[in-house]
Amino acid sequence: MANNNGFLLDTTILIDLFRGRQEAIVFLDKLSQEGSLFVCTIVVAEIFSGVRPEELPKVEEFLEVMNYCPIEYRTAKRAGLYRRDFQRKGITLSISDTLIAATAVEHSLTLVTKNLRHFPMTELSIIEH
């Protein structure tokens with residue numbers, strides 16, 4: 001299911017981690033033993049848009065040491081085409097989710113999320129937790 005390049009963490013799994021949910025802590029610890037963990041800047045923006053004041057120090061400490069995937073032209077193009085193509089099928093996806101999915105595909109990472117329905121792209125390697 002997962003490839004060797006590592007894992008791109010979606011906002012949903014990080015929220016559980018930052019809120020101290022034990023299953024997320026155990027899951028991410030296990031996952032980090034299988035490969036590197038990554039985030040993209042879209043996820044960082046989503047996290048900070050909903051961070052609670054008491055969570056801020058812990059969130060910043062974690063995110064400052066994470067591996068990052070850049071969003072460059074090819075990734076942005078892929079994201080836009082995902083959104084366009086699914087829109088034509090009557091499925092509305094957020095530009096944030098298509099950017100996250102495109103980042104995972106462009107960097108050959110497995111996406112880790114709690115929201116499978118936000119990521120219907122067939123070429124996306126994904127783990128739901």
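Just so it is clear, none of the values below were taken in a lab; they were calculated from the coordinates. Please read these numbers as outputs of a predicted model, since none were measured by experiment. As a convention, Cβ positions derive from the backbone with ideal geometry for all residues, glycine included, and neighbour counts pool all protein chains shown.
Some observations on this one:
- Computed FRET value (nearest 0.05) for N5 with R117, which takes r as the C-beta separation and R₀ as 30 Å: 0.75
- With the convex hull constructed from alpha-carbon coordinates only, the chain shows a mean projected area of 7.6 nm² over all directions.
- Taking every C-alpha pair closer than 8 Å and separated by at least 6 residues, the mean separation divided by the residue count of the chain gives a relative contact order of 35 percent.
- Pair F48, R84: separation of 7 Å Cα→Cβ label points (nm): 3.0
- 222 nm mean residue ellipticity, helices alone, for the chain (DSSP H n ≥ 4; -39,500 (n - 2.57); rounded to 500): -16000 deg cm²/dmol
- Rounded tilt (10° steps) of 22-34 against the dominant C-alpha axis of the chain: 70
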